[in-house]
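Step one of this worksheet: look at the structure below.
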Amino acid sequence: MKRGRKLAISVILLGCLAMPAGAFASALTPLVNQAESRYAAGDVLGAASALRRALVTVYNHSTISVQRAVLVKSKPAGFGMIQPRGNNVFKPNETILIYVEPVGYHFARQGDAFNFGVTADFSVTDTKGNILGGKKGFGSWGITTQGRPLFDFFMTLTYNFTGIKPGKYFILTTLNDKHGGGSVTIKTPITIIK
């Protein structure tokens, strides 16, 4: 069990390396110490709660990024439950599914509730970077949980391009953090064949 505890604390500490030193010392150290002491006292739930609060602090001092973005065969049943497509070749009018795991989004807190949200824009470009089309605000996700925050969040982006000619393209999907954590763009290469 000590190895698992040290691993969890190490994960949080590694995530904090991108934070300014002062923010790390003042915001995270008490939470990590609290997790350590609760765990030593046999209070596993209390230790886990302190680690979650520490991770909220890390997320709220981060900028949204993407842990994983994968073309998939079908919509996943849950977090990480995917069947990778194996290639990026599509027939005209074939549905394109991209599984995405964003991280570092900011939480807004109201009492015992934790809320986060993401909006998405997209554009399609040719290999030279010319924008062929797209849409701002094509998707919006908002999650509110009671009692504890949600870190294992995924989204499935569904694209249906009608009338696209055979060739090589990029789908540029920009995820925007609703609570001020910036934005990140995912660049997905695709090939349309006859």
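Read-outs: derived from the displayed coordinates by stated rules, not from any lab. Since we're looking at a predicted model, the values are computed, not measured. All Cβ positions, glycine included, derive from the backbone under ideal geometry; neighbour counts span all protein chains shown.
For region 129-194, max minus min Cα coordinate along each principal axis, in Å, sorted largest first?
Principal extents (Cα only, largest first): 51, 21, 16 Å.
Would you calculate a helix-derived [θ] at 222 nm for the chain, using -39,500 (n - 2.57) for each DSSP H run of n ≥ 4 and dividing by the full residue count, to the nearest 500?
-7000 deg cm²/dmol
For the chain, taking Cα atoms only, what is the radius of gyration to one decimal and the Dmax to the nearest whole Å?
Reported Rg and Dmax, both Å: 19.8, 65.
Let me spell out the model: positive unit charges on the Cβ of Lys and Arg, negative unit charges on the Cβ of Asp and Glu, origin at the Cα centre of the chain. What dipole size does that give, in debye rounded to 20?
So the magnitude is around 480 debye.
Could you calculate the contour length gain from Leu132 to Lys187, that is, 0.36 nm times the residue separation minus the distance between their Cα atoms, to one decimal place in nm?
Between Leu132 and Lys187, full extension yields 18.3 nm more.
Out of Gly181, Gly104, Gly42, any idea which swings most in a Gaussian network model of the chain, alpha carbons joined below 10 Å?
Residue with maximal mean-square fluctuation among Gly181, Gly104, Gly42: Gly42.
Among Phe79, Phe170, Phe116, determine the one that fluctuates most according to a GNM of the chain built with springs between C-alpha atoms less than 10 Å apart.
In this elastic network of the chain, the residue with the biggest mean-square fluctuation among Phe79, Phe170, Phe116 is Phe79.
Normalising by the residue count of the chain, find the relative contact order in percent from Cα pairs under 8 Å and 6+ residues apart.
Normalised by residue count, the contact order of the chain is 21 percent.
Considering only Gly134, Leu51, Thr188, whose Cα is most displaced toward the positive end of the charge dipole of the chain, charges sitting on Cβ of Lys, Arg (+1) and Asp, Glu (-1)?
Value computed over the given set: Thr188.
About the Cα centre, and with charges only on the beta carbon of Lys, Arg (+1) and Asp, Glu (-1), how big is the dipole of region 89-179? Nearest 20 debye, please.
Taking the Cα centre of region 89-179 as origin, the dipole is about 300 debye.
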